[in-house]
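S.K.: I have a structure here, written as structure tokens, and I will follow up with some questions on it.
The values are calculated or read from the model by the stated rules, or taken from the named source; none is laboratory data. Quantities reported herein were computed from a predicted structural model and do not represent experimental measurements. So basically every Cβ, Gly included, is an ideal-geometry build from the backbone, and we count neighbours across all protein chains shown. Accessible surface areas use protein heavy atoms only, side chains included; no ligands, DNA or RNA. Shrake-Rupley method; radii C 1.70, N 1.55, O 1.52, S 1.80 Å.
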Amino acid sequence: MTLYSVIFYVLAAIILASTVLAIIQRLLVNAVVYLILSFFATGLLFYLLGAPFLAVLEVIIYAGAIMVLFLFIVMTLPIEQPERRIMETIGQWLPVVILSGISFFIAGILIFETAGSRINLNTGMATPAAFGQFIFKGYWFPVEIASFLLLIGLVGALYLGRRESEKRSEDRQ
Amino acid sequence: MIVPYGNVLLLAIILFLLGAVCSIVRRNLLMILIGVEIMLNAAGLAFVGASLKWRLLDGQAFVLFIFAVAASEVAIGLALIVYSQRRTGSVNADHYSRMKG
């Protein structure tokens with residue numbers, strides 16, 4: 001048990017606890033704030049696993065941009081009747097929990113039956129410079145596709161977000 | 001030495017299943033989208049662990065593309081949610097029953 005494994009288990013506990021708390025929240029704002037904590041801890045885990053650039057991206061994109069976007073939408077939409085209590089929807093919870101428990105056990109058996117999973121991970125670090133050179137040497141075409149995907153996302157969000165009155169006046173022209 | 005590789009995979013699987021449970025059980029459209037985000041994050045975690053195990057950077061490159069997909073997915077998804085909220089006046093999936101499904 002080294003210091004790094006202690007850090008790993010603490011971070012894993014934080015991630016799992018905050019994700020479970022986020023799932024069972026009835027108020028959306030609380031759920032989003034718990035998820036920000038979960039993604040922040042995941043960023044720290046990425047740093048521990050030797051990906052400092054991805055750790056920064058996780059905090060900026062996931063915890064920063066995506067979750068703040070969620071927060072804005074949650075605050076913009078009108079407040080509705082909260083969902084039914086968890087215990088009232090037990091017929092919906094039970095099958096899902098049983099099935100995911102079964103798949104979790106199968107996955108755990110598969111993982112620990114293979115010898116490769118018992119190999120200990122050693123600490124390593126991919127510097128952002130090396131990572132950037134690797135990306136733009138070997139994966140320049142997927143980067144272009146990803147940028148195109150982001151552009152399409154931008155255009156689609158703009159199109160869907162227009163108000164009905166604007167749409168009608170544009171159709172008339 | 002950090003931990004055995006299997007523990008990282010196990011954490012990723014638990015996170016993925018939590019995301020799946022969230023998007024199946026919750027009836028709010030925003031919570032369904034949040035479940036998809038949790039699942040994408042779990043996939044990224046598995047990729048980073050594999051990248052460290054084999055000492056290859058390809059896993060980390062895939063995580064970069066997962067980030068791009070997650071960002072555009074959330075932009076389109078939230079725009080769709082706002083659009084359908086304007087049309088039907090609700091973000092609860094139970095209230096979408098115009099087709100009597």
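S.K.: If you check B:Ser84 against the conditions, is it among the small types (Gly, Ala, Ser), open to solvent by 40 Å² or more (accessible area, probe 1.4 Å) and more than 9 Å from chain A (Cβ to nearest Cβ)?
M.R.: Considered against the rule, which asks whether it is among the small types (Gly, Ala, Ser), open to solvent by 40 Å² or more (accessible area, probe 1.4 Å) and more than 9 Å from chain A (Cβ to nearest Cβ), B:Ser84 comes out as no.
S.K.: Could you pull out the residue among B:Ile34, B:Ile13 that is surrounded by fewer than 22 Cβ atoms within 10 Å (Cβ to Cβ), out of contact with any Ser or Thr (no Cβ under 7 Å at 6 or more places or on another chain) and either modelled with pLDDT of 95 or more or among the hydrophobic types (A, V, I, L, M, F, W, C) (or both)?
M.R.: B:Ile13
Here is a yes/no grid of residues against (1) out of contact with any Asp or Glu (no Cβ under 9 Å at 6 or more places or on another chain); (2) more than 20 Å from A:Ile60 (Cα to Cα); (3) open to solvent by less than 60 Å² (accessible area, probe 1.4 Å):
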residue: A:Leu3; (1), (2), (3): yes, yes, no
residue: A:Tyr34; (1), (2), (3): yes, no, no
residue: A:Phe39; (1), (2), (3): no, no, yes
residue: A:Phe46; (1), (2), (3): no, no, yes
residue: A:Leu49; (1), (2), (3): yes, no, yes
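S.K.: Hey, another quick one. Restricting attention to region B:11-36, and to residues there that are more than 20 Å from B:Asp94 (Cβ to Cβ) and within 7 Å of chain A (Cβ to nearest Cβ), which single residue is farthest from the chain's Cα centre (by Cα)?
M.R.: B:Leu11
S.K.: Hey, another quick one. Right, A:Ile98: at the interface with chain B (Cβ under 7 Å from one of its Cβ atoms) and of a type in the set (A, V, I, L, M) or not?
M.R.: Considered against the rule, which asks whether it is at the interface with chain B (Cβ under 7 Å from one of its Cβ atoms) and of a type in the set (A, V, I, L, M), A:Ile98 comes out as no.
S.K.: Name the single residue that is surrounded by the fewest Cβ atoms within 10 Å (Cβ to Cβ) among those in region A:121-131 being touching a residue at least 24 places away in the same chain (Cβ under 8 Å) and assigned to a helix (DSSP H, G or I).
M.R.: A:Pro128
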